[in-house]
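A short worksheet on the structure shown next.
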Amino acid sequence: MNHKQVLIVDDNETTRFLLEYNIKTLMPGCQTVLAKDGFAALAQLREHPFDLLITDDNMPGMTGLDLIQAACQIAPEMRIVLLTAQNTITMQAEAQRRHLHFDGYLNKPFAFAQMSEVIRLVEL
């Protein structure tokens, strides 16, 4: 699990730092990069390889699903977790309609135990 690269994308600074803290607790030795929106995330993805993308869905300018669609073109092997306060069934339906694949969900507000389970599921 060491030396994994994780990109965390959320327009809320507190959420970004909380995600980063939890990821570093679950994956000691990993490197994290934080981005405040999808545009900043895409710039990072074009510059560096990442093993995992964790992105909020509801962000101004570019939704998480929009980011996932673009990110899959840049890094098709990267694992992806979508962070959402929306109904996950609705999100899954929209993702299927757009032919998008991602590896897991984190529901807002998320608990450490839920995040731990999702990280295990993506098998980093």
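Values for this structure:
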{"quantity": "Residues of segment 27-57 that turn out to be farther than 22 Å from ALA70 by Cα and surrounded by 17 or more Cβ atoms within 10 Å (Cβ to Cβ), as a count", "calculated": "2"}
{"quantity": "Tabulated pairs, segment 83-95, first free of Cβ contacts under 8 Å to residues at least 40 places away in the same chain, second acidic (Asp, Glu), C-beta under 6 angstrom, 6+ apart or interchain", "calculated": "THR84/ASP57"}
{"quantity": "Residue that is modelled with the highest pLDDT [pool: residues in segment 79-124 that are β-branched (Val, Ile, Thr) and more than 21 Å from ASP37 (Cβ to Cβ)]", "calculated": "VAL118"}
{"quantity": "Residue check, GLN92 part of a loop (DSSP other than H, G, I, E, B), of a type in the set (S, T, N, Q) and surrounded by fewer than 18 Cβ atoms within 10 Å (Cβ to Cβ)", "calculated": "no"}
{"quantity": "Positions within segment 67-85 being in contact with a helix residue (DSSP H, G or I) (Cβ under 9 Å, 6 or more places away or on another chain) and assigned to a loop (DSSP other than H, G, I, E, B), in sequence order", "calculated": "ALA75, MET78"}
{"quantity": "Residue, surrounded by the most Cβ atoms within 10 Å (Cβ to Cβ), within segment 110-122, restricted to residues that are under 15 Å from the mean Cα position of the chain (by Cα) and either under 12 Å from ASP57 (Cβ atoms) or without any contact (Cβ under 8 Å) to a residue 24 or more places away in the chain (or both)", "calculated": "GLN114"}
{"quantity": "Residue check for PHE39: of a type in the set (Phe, Trp, Tyr), at negative phi and in contact (Cβ under 8 Å) with a residue 40 or more places away in the chain", "calculated": "no"}
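Every residue, every condition in (1) modelled with pLDDT of 95 or more; (2) within 21 Å of ARG98 (Cβ to Cβ), yes or no:
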{"residue": "VAL9", "(1), (2)": "yes, yes"}
{"residue": "LEU18", "(1), (2)": "no, no"}
{"residue": "THR25", "(1), (2)": "no, no"}
{"residue": "CYS30", "(1), (2)": "no, no"}
{"residue": "PHE39", "(1), (2)": "yes, yes"}
{"residue": "LEU45", "(1), (2)": "yes, yes"}
{"residue": "LEU53", "(1), (2)": "yes, yes"}
{"residue": "THR63", "(1), (2)": "no, yes"}
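The values are calculated or read from the model by the stated rules, or taken from the named source; none is laboratory data. Keep in mind the model is a prediction, meaning the values are calculated, not measured. FYI the Cβ positions are ideal-geometry reconstructions off the backbone, even for glycines, and counts take in every protein chain you see.
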